[in-house]
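Remarks on the structure that follows.
Every number here is computed from the coordinates shown, using simple stated rules; none is lab data. Predicted model only: the values in this text are computed from it and were never measured. So basically every Cβ, Gly included, is an ideal-geometry build from the backbone, and we count neighbours across all protein chains shown.
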Amino acid sequence: MAYQTVNPYTNEVEHTYADTTPEEVEKALSLAHGLYLKWHDGSGLEERKAVITKLGTLLRERRTEMAELMTRDMGKLIGEAEGEVDLCASFCDYYVEHANEFLAPKPIYTTSGNAFILKQSLGVLMAVEPWNFPFYQIARVFIPNFIVGNPMLLKDASNCPTSAQAFADLVLEAGAPEGSLTNLFVSYDQVSEIIADPRVAGACLTGSERGGRSVATEAAKSLKKSTLELGGNDAFVVLEDADMDKLAEILPQTRLYNAGQVCTSSKRYIVPEKLVPQFVNILKDGFSKVKMGDPLDRSTTLAPLSSKKAKEKLTQQVQLAIDNGAKLEYGFEPVEDQEGQFFMPTILTGVTVENPIFDQEMFGPVAVIYPYKTEEEAIEIANNSSYGLGNTVFGTNIAHAREVASKIEAGMSWINAGWASLPELPFGGVKHSGYGRELSEIGFNEFVNQHLIYEVEPTA
């Protein structure tokens, strides 16, 4: 498959990369497995911590340089890209600080002897990662697993190869042994072959539902563990007591951040019927103020979509919604003064359960508003989705907002805020949004052999 950086702002091909050969894949597998055998007994932790500390330093030193690579790969605003680099550096700090704590043997109370859980590496992992956060998606799986002692092979998205290679190069520069993280320009058939290899212990994927099914199937065939972080159709539930002034401060960015290309961003806005006109006006006001342009220009506030393909798909989805009865409240006009893959922010109402896009994830700056009469109806709308990644509940009474959040079928809920990602917060969903968790101690333990040691007390 073609691995190319096609700048979505200029539409120019900036870099093309040769496919990884079978011989190179074999070398990567051999190196990675050798490291696993070396680290399996728990050795090398301090050395690995030193590497991650250095990686954090390099990320901070080259913050803007690395951010520019991401912007050229998939178009995100330079400020958003710099924030992504900062977040990756914070992962380094967090896992170095907590490494010894997370890996310490955990005693188990038993009256019949002594027992504890020994934390051990599991083996080589195959990671398949997406394009919307080119550094973050790699960092959140690589850093904790490297600390554990799980070497990793990486297949990144074909449209952000420069970012993927840059991250892998930084890991080597930080002092990691060759084979710790190997970036591969491979096909999906090669990914399947790698997962099936007996030297590989598991697979993790962040991406589409289709990609998740493929990776999970291949892992299951070989009886290997997998984790999946898939799409979302996240609900933003506005309660009757919502402070509309505070809502106006955050609302537009819940849909515009990263040009709306975030699996956890709000996409379905569930609003009391009487507040819908005011809510629409708030969104219109925010959407109308965006400045499209060069994402490397710090005055730009809305970046292009990641690719021509992404723009075409989103255009088809919105048109399908309108053709099936949705009302266009704002936007969905051609962006004629820009050559890049720009998409005008759009607001839709009147999307019924019969509409083909009702249960589709729209990856871009499109907001769909659903009115409700009762709180029970709001929860029902929120749960009427095959996805279950995140959601937001917005209201003045925090205790009540928590109660509502607890009734929504999702892996994550935010109260009075859009989505957030921090190293100490577990990330993941339920239903078709996947399984398993990344980040926090929970994510740290996903690919850890929690080895029971049980000692029977000698009898007199």
Query raised in the report: For Tyr269, which sequence-distant residues (separation of 5 or more, or a different chain) have an amide H within less than 5 Å of its own amide H, given hydrogens modelled in the peptide plane?
Result: Phe236, Val368, Ile369, Tyr370
Query - FRET efficiency for Gln253 and Glu23, using Cβ-Cβ distance with R0 set to 60 Å, rounded to 0.05 - result: 0.80
Report task. Mind putting a number on the dipole of the chain about its Cα centre? Charges go on the C-beta only, +1 for Lys and Arg and -1 for Asp and Glu, and I need it in Debye to the nearest 20. Result -> 420 debye
Requested in this report: Would you compute, from DSSP H runs of 4+ residues alone, the mean residue ellipticity of the chain at 222 nm, taking -39500 (n - 2.57) per run and dividing by the full residue count, rounded to the nearest 500?
Outcome: -13000 deg cm²/dmol
Requested in this report: Quick one: compute the contact order of the range 235-415, relative version, from alpha carbon pairs under 8 angstrom and 6+ residues apart, as a percent.
Outcome: 29 percent
Report task. Just order 342-348, 7-13 by mean Cβ neighbour count inside 10 Å, highest at the front, would you? Result -> 342-348, 7-13
Query raised in the report: Can you tell me the Rg and the Dmax, both Å, for the Cα atoms in the range 235-415?
Result: 15.9, 48
Query raised in the report: So how strong a dipole does the range 235-415 carry about its Cα centre when Lys and Arg Cβ are +1 and Asp and Glu Cβ are -1, to the nearest 20 debye?
Result: 380 debye
Query raised in the report: Rounded if a/c is under 1.5, else prolate if a/b is larger than b/c, else oblate: which is the range 43-145, with a ≥ b ≥ c the root eigenvalues of its Cα gyration tensor?
Result: prolate
Query raised in the report: Quick one: which of 130-137, 270-277, 429-436, 323-330 comes out on top by average Cβ neighbours within 10 Å, and what's the full order, highest first?
Result: 130-137, 429-436, 270-277, 323-330
Query raised in the report: Which listed residue (Ala405, Gly113, Ala259) has the Cα farthest towards the positive end of the charge dipole for the chain, taking +1 on Lys and Arg C-beta and -1 on Asp and Glu C-beta about the Cα centre?
Result: Gly113
**Report entry** Positive dipole terminus of the chain, leading residue within Pro371, His33, Gln317 (C-beta point charges)
**Finding:** His33
Query raised in the report: Once the other residues with Cβ under 14 Å from the Cβ of Leu118 are scored (Lys, Arg +1; Asp, Glu -1), what is the net sum?
Result: 0
Requested in this report: For Tyr454 and Asp93, compute 0.36 nm times the residue count separating them, minus their Cα-Cα distance, and round to one decimal in nm.
Outcome: 126.6 nm
Query - Across Lys246/Lys327; Lys27/Lys224; Lys119/Lys224, pairs whose alpha-carbon gap is larger than 25 Å - result: Lys246/Lys327
**Report entry** Relative contact order (percent, whole number), the range 1-44, Cα cutoff 8 Å, 6+ residue spacing
**Finding:** 26 percent
**Report entry** Hydrodynamic radius of the chain per Kirkwood, over alpha carbon pairs, in Å
**Finding:** 23.2 Å
Requested in this report: Beyond 26 Å between alpha-carbons counts as too far, so tell me which of Lys373/Lys407; Lys267/Lys313; Lys221/Lys309 fall in that bin.
Outcome: Lys221/Lys309
**Report entry** In degrees, nearest ten, helix 209-221 long axis to first principal axis of the chain (Cα)
**Finding:** 20 degrees
Requested in this report: Would you compute the Debye intensity of the range 1-96 from its alpha-carbon atoms alone, equal scatterers and no solvent, and pass along log10 I(q)/I(0) at q = 0.11, 0.17, 0.24 Å⁻¹ to two decimals?
Outcome: -0.53, -0.99, -1.05
Requested in this report: Using the charge dipole of the range 385-460 (Lys, Arg: +1 at Cβ; Asp, Glu: -1 at Cβ; taken about the Cα centre), state which of Val448, Ala417, Gly395 has its Cα farthest towards the positive end.
Outcome: Gly395
Report task. Would you mind checking the tilt of helix 45-61 against the longest principal axis of the Cα atoms of the chain, expressed as 0 to 90 degrees and rounded to 10? Result -> 30 degrees
Query raised in the report: So what's the net charge close to His40: Lys and Arg +1, Asp and Glu -1, counting the other residues with Cβ under 14 Å from its Cβ?
Result: +3
Report summary line: By the C-alpha gyration tensor axes a ≥ b ≥ c (rounded if a/c is under 1.5, else prolate when a/b exceeds b/c, else oblate), the shape of the range 367-460 is prolate
Query raised in the report: Quick one: length gained pulling Gln278 to Thr315 fully straight, 0.36 nm per residue minus the C-alpha distance?
Result: 10.7 nm
Query raised in the report: For the range 262-326, what class follows from the C-alpha gyration tensor (a ≥ b ≥ c being the square roots of its eigenvalues): rounded when a/c is under 1.5, otherwise prolate if a/b is larger than b/c, else oblate?
Result: oblate
